[in-house]
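As structure tokens, the structure follows; a few thoughts come after it.
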Amino acid sequence: MFNLEATLFCGQAFGWKKENSTYQAVLDNRLITLDQENPFSTITKDPYLNHYFDMEYPYAEAESVLQKKDSHLASLITAHVSIHILNQDPFQTMISFITSQNNTIKRIRSLLEKLSQQCGREVEEGLYSFPTADELLRHAGEDTLRSLGFGYRSPYIIEAARSHNLLEEVARQDDEESARTLQRILGIGAKVAACILLFGFGRKDVFPLDTWTKKIMKKYYPTSEPSFFSPYGGIAQQHLFYHERQMIEAHW
DNA sequence: GGCCAGGAGGCCT
DNA sequence: AGGCCTCATGGC
């Protein structure tokens with residue numbers, strides 16, 4: 001059991017939709033439908049979903065270590081129950097977080113959906129898979145991406161698709177070296193590289209530093225660095241980020 | 001209500 | 001330090 005809502009909508013994945021009383025996404029050319037009331041039986045029965053939702057990772061232990069480290073995080077983890085880090089496809093993760101730069105979650109979701117419609121396969125009426133690198137390059141050039149609204153990120157996405165073979169190297173390298181490898185791709189800097197490693201390669205100790213998490217560090221941990229949360233920086237970051245987003249949404 | 005800056009989970013030059 | 005695509009948002 002974990003917090004599915006937080007896991008799906010706290011900014012690590014952009015393809016899930018809340019539809020009637022279900023959550024839906026296309027994963028690996030398959031339409032996945034989870035019942036909001038009872039999603040976990042579906043997940044645990046399906047080996048693919050079991051891995052996608054990272055059910056094999058010992059979250060209880062990681063959370064316990066983080067809770068002992070600091071009281072702020074302790075209360076957040078207690079409140080959130082458990083947020084999992086999804087094992088997403090590395091290529092999809094790379095394109096998604098290139099798209100995310102200087103952008104809002106709403107627009108990121110919309111852009112990636114358009115990209116899937118343009119380049120992916122229609123798995124069910126109106127529902128498209130996320131394209132592979134080859135599919136993307138076959139069905140879209142820089143001009144197509146610009147017309148879809150990707151703006152200056154368009155050449156970055158083409159470049160990343162052409163460089164998708166680097167992802168195999170990344171998988172074999174440690175956190176620091178793999179971050180450097182990713183940053184060889186035009187349009188990928190330190191922040192986007194960190195997101196790809198955490199959300200596409202399960203690197204639980206990578207802590208993406210962006211405008212939000214920098215503010216969070218300044219506010220709650222003015223004398224600490226993200227390495228304070230090691231070896232679970234990525235998990236800590238999810239709880240800190242999710243909480244800060246909640247505060248803003250609650251303000252409405 | 002309409003207009004217009006400044007910002008949005010960065011990165012490049 | 002500035003510029004970049006585009007769009008939703010808030011301030012006048």
Förster radius 35 Å - calculated FRET efficiency between A:D174 and A:T144 (Cβ-Cβ, nearest 0.05): 0.45
For a label point 7 Å along the Cα-to-beta-carbon line of A:S230, residues of segment A:191-209 with backbone N under 12 Å: A:205-207
Semi-axis lengths, Å, segment A:101-146, gyration tensor of Cα atoms, sqrt of 5 times eigenvalues: 18, 15, 8
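Of A:W16, A:W212, how do they rank once you tally other Cβ atoms within 10 Å and put the fewest first?
If I rank by nearby Cβ atoms, fewest first, I get A:W212, A:W16.
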In nm, spacing of pseudo-spin labels at A:I105 and A:E61 (7 Å Cα→C-beta vector): 3.0 nm
Surrounding net charge for A:L137, when Lys and Arg each add one and Asp and Glu each subtract one, Cβ distance under 12 Å: -2
Gyration tensor over alpha-carbon atoms, segment A:90-201, equivalent ellipsoid semi-axes in Å: 23, 15, 13
Chain A: relative contact order in percent, alpha carbon pairs under 8 Å with at least 6 residues between: 20 percent
Segment A:90-201: relative contact order in percent, alpha carbon pairs under 8 Å with at least 6 residues between: 30 percent
Viscosity 1.002 mPa s, 20 °C: Kirkwood-radius Stokes-Einstein D of segment A:37-76 over Cα pairs, µm²/s: 182 µm²/s
Extension reserve of the A:A79-A:E5 stretch, reckoned as 0.36 nm per residue once the Cα distance is removed: 25.3 nm
Amide proton proximity set for A:I32, modelled H, under 5 Å, gap of 5+: A:A25, A:V26, A:L27
Sorted by Cβ density within 10 Å, fewest first, the residues A:L197, A:L166: A:L166, A:L197
Anchor A:K68: aspartates and glutamates whose Cα lies under 12 Å away (excluding residues fewer than 8 positions away in-chain): none
For chain A, alpha-carbon Rg over 2.2 N^0.38 Å: 1.00
Computed FRET value (nearest 0.05) for A:D28 with A:K69, which takes r as the C-beta separation and R₀ as 45 Å: 0.80
Mean ellipticity per residue at 222 nm, deg cm²/dmol - from DSSP H runs of n ≥ 4 across chain A, formula -39500 (n - 2.57): -16500 deg cm²/dmol
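Rule-based calculations on the coordinates, nothing more; no lab input. None of these values were measured; they are calculated from a predicted model. Methodologically, a virtual Cβ is constructed for each residue, glycine included, from the backbone with ideal geometry; neighbour enumeration extends over all protein chains shown.
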